[in-house]
Every structure is written in structure tokens, then in C-alpha cells.
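Here is the structure we will look at.
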Amino acid sequence: MVTVNGLVIRERTAKENDKYLTILTDTLGLIEVSAKGVKKANSKNASVAQMFCYAKYCLSEGKSGYILNCAEPIRIFYQIRLDITAFALASYFCELLLYVCAKEQPNKEALRLILNTLHFLSDGKRDMKMLKAIFELRLMSEIGLVPNLIGCCKCYKYTDHQMQFDLGEGRIYCEDCCGSKDLRNCEVVDGALLHSLRFIALSDMSKIFNFTLNNDHLIQLSNITERYVEIQLDKHFKTLDFYKSLI
Ligand SMILES: [Zn+2]
């Protein structure tokens, strides 16, 4: 028997009343859990066997993986299910986690990041573009793909009127050092954008949701972090297309 705190980031139907859950846990990383009978109306585990449920799960280890015994809900993030755009964005976050988190290798900061992001998505007090940008860039940082944003990678200049952020190289160039550089994978960042990127990538997790940017900058920021994820992972996410079809 093993007890973990975890968030359901994927659910799939198994036999008639059963589900397979993928849970991002605090101590075991990503795990697959067989949840029997949870689709029955009277199942005691129905509410904890669904997407975005964060709970303390009591599992037993069967021959072919973990089996759900019982669970105590901690946060169900019910509000996210009531808003199709929030649901789509949260589904994209989960698809990203599924892609980058390793099975049975704990990443407590990734779990903390998704829980904090879902909290703000749920209460509706942060712009979704901002939450998307924070989640994308910080997740990359937490899995070891943090860009070098300290200064120009050639001359170490800290700020400039504009700088080029090379999303493939994960580093920045000042105007003087761009020269004849190929700019296809680059995005122009001004002072405010660079400050926000640094803040998200490098601040303590408890602070990263506390900054403000105007709407035009938020659109640019969200575009930059999205491209950074796609280029760094060389992967396109279908759930992202769905989210973007709604906004
Ligand atoms: Zn430079």
C-alpha cells in the first residue's frame, strides 16, 4: 500500500465502469492507476477519478501497476469544468506535463506549478494569456530548459532598446551583436518583455504570478513562450490548437 498526493492529468475509459488515470504525484512522478467501478453512480471514488482532481490517493501495487483503493479530495478545481476556454487551456497544460514529465521520477516543482496555475485559472483573477505564458516558460525551466536571459550572450549587456531572443539557442542578443545572424527562430523583446521573461524563469515560485503587463505585451509574451516550447520540444500540441480556436 502506498499513499501519494497527486493531480489527475489524464483519464481514459477502460472496461465499462472502470478508468485508467494518469496522476502526477509528489513522490512518484507520473503514474498510471487503474480505478475500478468509478463510473458507477454510487462509487465512493467517482469524484477523485476525474481530470484536474488533486487528492491524497491510497494505492495498492498490483501485478500490472497501481490500483486505486480510496482517496481524500484536497481540491477538485470544479470551476475549470464550467468554462470551456479554461478547460481547454488546462487540458493543454496537462498534455504538456504528460509529454515532459518522466514516469516515476518526482518533479515536485512541476506539480507545484500546475497546482498554482490551476488555482489562478479557477478563480478567474488572472488573464489566461498570462497564465499560459507563465506555465509554458516556467515548466521549461523546471525540466532543465531554462533560457539564458541574464544578458546578451556575446557582450553580456543587461538591457538594450530591443534584444533578439533566439528560441532555439535559448539565449539573447543585443542589437550590436545580432550582425548577420539568422533571425528565423528569434523574437524581438523590449525591456518590459525581457523583464517579464526573466521574472517568470528566475523568480521564486511563490512570486511568479504577481506581475502586470498591458494586453499587447501579454499577447507577445504568450506568443514567445508558446514558440519557445514548440521549438525546444520540437512538438506541436493538439490541445493548444483547440484552446486557440476558442479565443
Ligand atoms: Zn551584445
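The values are calculated or read from the model by the stated rules, or taken from the named source; none is laboratory data. Bear in mind that the values here come from a model prediction, so they are computed numbers and not experimental data. All Cβ positions, glycine included, derive from the backbone under ideal geometry; neighbour counts span all protein chains shown. Just so you know, the surface numbers come from the protein's heavy atoms only, side chains and all, with ligands and any DNA or RNA stripped out. Shrake-Rupley method; radii C 1.70, N 1.55, O 1.52, S 1.80 Å.
Could you say whether any residue in region 185-199 is among the hydroxyl-bearing types (Ser, Thr, Tyr) and open to solvent by 10 Å² or more (accessible area, probe 1.4 Å)? Spell out the reasoning first.
Filtering region 185-199 down to residues among the hydroxyl-bearing types (Ser, Thr, Tyr) leaves 196.
Now drop any that are not open to solvent by 10 Å² or more (accessible area, probe 1.4 Å), which leaves none.
No, because not a single residue in region 185-199 is among the hydroxyl-bearing types (Ser, Thr, Tyr) and open to solvent by 10 Å² or more (accessible area, probe 1.4 Å).
Screening the candidates Asp123, Asp127 for the property of being at pLDDT 95 or above, of a type outside the set (Ser, Thr, Tyr) and out of contact with any strand residue (DSSP E or B) (no Cβ under 8 Å at 6 or more places or on another chain) yields one hit, Asp127.
Going by what's in this entry, would Leu183 be described as of a type in the set (A, V, I, L, M) and in contact with a helix residue (DSSP H, G or I) (Cβ under 7 Å, 6 or more places away or on another chain)? Answer is no for this residue. Residues that are at pLDDT below 95 and of a type in the set (A, V, I, L, M, F, W, C) were ranked within region 1-27; the one that is farthest from Tyr57 (Cα to Cα) is Ala14.
Assessment of region 146-166 against the conditions (assigned to a helix (DSSP H, G or I) and open to solvent by less than 60 Å² (accessible area, probe 1.4 Å)) yields no matching residue. When Asp182, Asp204, Asp123, Asp216 are screened for being open to solvent by 40 Å² or more (accessible area, probe 1.4 Å), acidic (Asp, Glu), more than 16 Å from the ligand (Cβ to nearest atom) and within 22 Å of Asp26 (Cβ to Cβ), only Asp204 passes.
Just to be sure, is Gln105 of a type outside the set (Asp, Glu), part of a loop (DSSP other than H, G, I, E, B) and closer than 23 Å to Glu11 by Cβ? So that I can check it myself, show each step before the final result.
Numbers: of a type outside the set (Asp, Glu): yes; part of a loop (DSSP other than H, G, I, E, B): yes; closer than 23 Å to Glu11 by Cβ: yes.
Judged against the criteria, Gln105 is a match.
For every residue, the table says whether it meets (1) in the same structural domain as Glu109 (by TED's automatic domain parsing); (2) open to solvent by 60 Å² or more (accessible area, probe 1.4 Å); (3) not in a loop (DSSP other than H, G, I, E, B).
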| residue | (1), (2), (3) |
| --- | --- |
| Val8 | no, no, yes |
| Asn17 | no, no, no |
| Thr22 | no, no, yes |
| Glu32 | no, no, yes |
| Val38 | no, no, no |
| Lys44 | no, yes, no |
| Val48 | no, no, no |
| Met51 | no, no, no |
| Tyr66 | no, no, yes |
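Each residue in region 127-179 was checked for being out of contact with any Pro (no Cβ under 7 Å at 6 or more places or on another chain) and under 26 Å from Leu30 (Cβ atoms), and 18 pass.
So that you can scan it fast, the table gives a plain yes or no per residue for (1) at positive phi; (2) under 25 Å from the mean Cα position of the chain (by Cα):
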{"site": "Leu24", "(1), (2)": "no, yes"}
{"site": "Gly29", "(1), (2)": "yes, yes"}
{"site": "Val38", "(1), (2)": "no, no"}
{"site": "Gly62", "(1), (2)": "no, no"}
{"site": "Ile67", "(1), (2)": "no, no"}
{"site": "Asp83", "(1), (2)": "no, yes"}
{"site": "Phe87", "(1), (2)": "no, yes"}
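The single condition among (1) within 21 Å of the chain's Cα centre (by Cα); (2) more than 24 Å from Arg10 (Cα to Cα) that Leu121 does not satisfy is (2).
Evaluate the following for Asp216: is it assigned to a helix (DSSP H, G or I), among the acidic types (Asp, Glu) and either farther than 22 Å from Leu113 by Cα or touching a Lys or Arg at 6+ places or on another chain (Cβ under 9 Å) (or both)?
It is true that Asp216 is assigned to a helix (DSSP H, G or I), among the acidic types (Asp, Glu) and either farther than 22 Å from Leu113 by Cα or touching a Lys or Arg at 6+ places or on another chain (Cβ under 9 Å) (or both).
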